[in-house]
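The values are calculated or read from the model by the stated rules, or taken from the named source; none is laboratory data. It should be emphasised that the depicted structure is a prediction, and the values quoted were computed from it without experimental measurement. Heads up, the Cβs are rebuilt from the backbone with ideal geometry, glycines too, and the neighbour counts pull from every protein chain shown.
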Amino acid sequence: MVDWANTKNYSYVICISGNISRGLVTILNQYISSVNDQTIQTMLYSYSGDEVEYTLWEWLPANRLTILVAVVLLLFMICVILLCFRSRQAAYKALLAENRLMHLAMYDEVTGAYNETYFRRMLDESCCKQEKNALVAFNIRGFKYINGIYGGKRADEMLCGIKQELDTEMEKGEYFCRPSADLFYMLLAESCADDLLARLDVMFSKVRAAATLYLEGHPVSIYCGAVFLADSPAPFCAAENLSYMMAALARAKRNNSNIAYIFDEVLYRAEQLRYYITAHMQAALDHEDFLLYLQPKMNLHTGCIDSAEALTRWQPVDKEMIYPDQFIPVMEENGFCEKLDLYMVEKVCKQLRKWMDAGVCPIEIAVNQTKTLFVKSDYTEKLLEITQKYRIPPQYIVLEIPESLSIENFEALKSVICRLNQNGFRVSMDDFGSGYSSLNTLGKLHIDELKLDRMFLKDIVDDGNRAQRDVLASIFSLARKLGIRTVAEGVETKESEMMMRSLLCDYCQGYYYSKPIPAEEFREKFL
C-alpha cells in the first residue's frame, strides 16, 4: 500500500526475480519516476555494500563458476595424487623385480647358494688375479635313488642342509655354488695336495653327517674331483680348469670311493684323447679308418676254427692306433656306438662277400652291438638291409649283446630277439656272469650263444676255486639242455683249454689261439 499523498514516508523492497506480475512492474515504474537521480544513486550506493544472504538453493547457482573451478582443481589434485601413488607403486614393483632378477642371477633357488653363473664370474676374477686356489667339485652317489625313495622335498632339504654345512666351512675369500641337482663347486684357498685332501676329508665327514640326518640315518657317499688353478695344463684359465675339474670328478666316480681325485698329467692325456675321439670319430667313420680285426673261436668238438669275433681298431692317418678300450667308452656316452656297430656289421658282410666271391667257405662272425641300438624299432630292418646289400645269409651274423640289457628292458629285448631269430640272425649274450642276470633269464630269452665272462676262468685257474668250477659246470649243463652253445673267453693256456673241454664247453676264445688280427691275415692263417 503506497500513500501517494505523502511521498516522504514510504517503504520499499528491491528484489530480483525471474517472474513478476505486470501490476508490480507498473507500481515500480511509478515509484522510480518519482525519485530523482541523486536519491537513486544514494540508495544504490548505500545498499550495494550490504551482504547478500542466500538460501542453499540460491547460493549454488549464484556460485556455480566458483564451484566448477573448485571441483576441477580438486579432481586435478586427486589425479596428481593417484599418478604419484601409481608411479611409486610401479617403481616399487620394478625394484622388487630387479631384486628378484639379481637374486636369480646370483643364487640357487633351492638352497640359497650361489648359482653357476655367478660362481663362474667370481672364478674369472680370481683367475685374473692369479690366486693359487683349488677348484673342487663333489657329488652324492645315488642321488636319484634318494630322490625316488625319500621324495623330492626331503632331497631338497638334504641339499639345504649340505649348503648350511658348507657355509660354516668356507674361509675368507672362499665360496661355493650348486650348479644343478646334487653337484657342488667350491673354490678353496689351498695349493698343496696333502693339505687339500686332509681338509676335504674333514669337510666331507661333516657333510655326510649333515646329509644323513635328513635320510633317517641312511649313509651318504660322496665322490670328488679337484684341480689346482696354478698347476693345471692351462693355468688360471677358468673355462679350461672347470673342464679339468669335471674330468677328475668323472674319474672319481669310476673309482667308487670317497677319496677325492686330483687332476694330473695322466688324466690330462686321457682328456686330450677323449677330445680327439669326439672331434674325429665321424670323419674316421666316413673315411673308413675303423679297421676290421678278427679273433678266432675254437670249436672244441671238431678242433677247428669255424667262427670268429669281429673287433674294431681305429687307425688315424696322423696318429698311432687307438684301441677299443680307449674309444668305445666315449662313444657309448655320446651315442656314436650305434653308428659304429652298424658300420662293423657292414664291414663283416663286405668281408664275407669278398671271401665267398673268392671261393672261400664263409664262417660265422660275431659283432658286438650296443644296448641302445639293439632295442631300436627299426633295428632288424637295418640289419636286413645290410645283409641283402651284400647277399649274405643272416645265419652267418651273430649279434653279441651285453648281459645288462636283459635286466634293463626284458620284454623289449625278448621281442627283438624273436624278430631277429625269425629272420635268421643268431644272438649271443656276452660277458655272462659279470652282472646280475639270473639263470632263469636263459630259459626266457631265445638266445643262441652264451659267452662266459673271463673272470670265471681266471678264478678257477688262479685260485683253484672249486665252487666256481661247479657253478661253471652247472651253467654249461643248463645251456646244453636249452640248446644254447657256450663260449669261454680269456683262454690263454693249454691247461685252460683242457679245463673247458672237461666241463664240456663248446667253444674257446683267447690269446692261446690268436690275438685279434686283420681280416686278411685271419683268412691266410685260419681259412
Point to revise | Selection within the stretch 501-511 - of a type in the set (Ser, Thr, Tyr) and surrounded by fewer than 16 Cβ atoms within 10 Å (Cβ to Cβ) | key: 502, 511
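Quick test for you: out of 298, 321, pick the one residue that is of a type outside the set (Gly, Ala, Ser), at pLDDT 95 or above and either in contact with a Ser or Thr (Cβ under 6 Å, 6 or more places away or on another chain) or assigned by TED's automatic domain parsing to the domain that holds residue 451 (or both).
Matching residue, one of 298, 321: 298.
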Practice item. Please identify the pairs in which a residue from the stretch 82-109 that is touching a residue at least 24 places away in the same chain (Cβ under 8 Å) has its Cβ atom under 6 Å from the Cβ atom of a residue that is of a type outside the set (Val, Ile, Thr) and outside any helix (DSSP H, G or I), counting only partners at least 6 apart or on another chain. Key: 108/115; 108/178
Check your understanding: Does residue 220 count as among the β-branched types (Val, Ile, Thr) and more than 23 Å from the chain's Cα centre (by Cα)?
Key -> no
Review point. Here are some conditions: (1) surrounded by fewer than 19 Cβ atoms within 10 Å (Cβ to Cβ); (2) in contact (Cβ under 8 Å) with a residue 24 or more places away in the chain. Residue 262 meets all but one. Which one does it not meet?
Key: (1)
Point to revise | Members of the stretch 104-128 that are farther than 17 Å from residue 186 by Cα and assigned to a helix (DSSP H, G or I) | key: 104, 105, 128
Exercise for review: Restricting attention to strands (runs of 3 or more DSSP E) lying wholly within the stretch 396-501, give those where 2 or more residues are over 22 Å from residue 512 (Cα atoms) and at pLDDT 85 or above.
Suggested key: 397-402, 426-432
**Study point:** Residues located in the stretch 175-210, provided they are part of a strand (DSSP E or B) and over 29 Å from residue 148 (Cα atoms)
**Key:** 175, 187, 188
Review point. Does residue 244 fit the bill of being out of contact with any strand residue (DSSP E or B) (no Cβ under 9 Å at 6 or more places or on another chain) and either outside any helix (DSSP H, G or I) or surrounded by 15 or more Cβ atoms within 10 Å (Cβ to Cβ) (or both)?
Key: no
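Residue check: is residue 125 in the same structural domain as residue 244 (by TED's automatic domain parsing) and not small (Gly, Ala, Ser)?
So residue 125 fits the description; yes.
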Review point. Just one of the numbered conditions (1) out of contact with any helix residue (DSSP H, G or I) (no Cβ under 6 Å at 6 or more places or on another chain); (2) at pLDDT 95 or above is not true of residue 229; which one?
Key: (1)
**Study point:** Meets criteria (within 25 Å of the chain's Cα centre (by Cα) and either surrounded by fewer than 22 Cβ atoms within 10 Å (Cβ to Cβ) or among the small types (Gly, Ala, Ser) (or both)) for residue 154
**Key:** yes
Point to revise | Failed item in (1) without any contact (Cβ under 8 Å) to a residue 24 or more places away in the chain; (2) crowded, with 19+ Cβ neighbours inside 10 Å, with residue 205 passing the rest | key: (2)
Revision key, fill the gap. Residue hits (the stretch 177-190; out of contact with any strand residue (DSSP E or B) (no Cβ under 6 Å at 6 or more places or on another chain) and either of a type in the set (Ser, Thr, Tyr) or not assigned by TED's automatic domain parsing to the domain that holds residue 132 (or both)) are 180
**Study point:** Long-range neighbours under 7 Å by Cβ, at least six apart or interchain, first residue surrounded by 10 or more Cβ atoms within 10 Å (Cβ to Cβ) within the stretch 41-56, second in a helix (DSSP H, G or I)
**Key:** 54/62
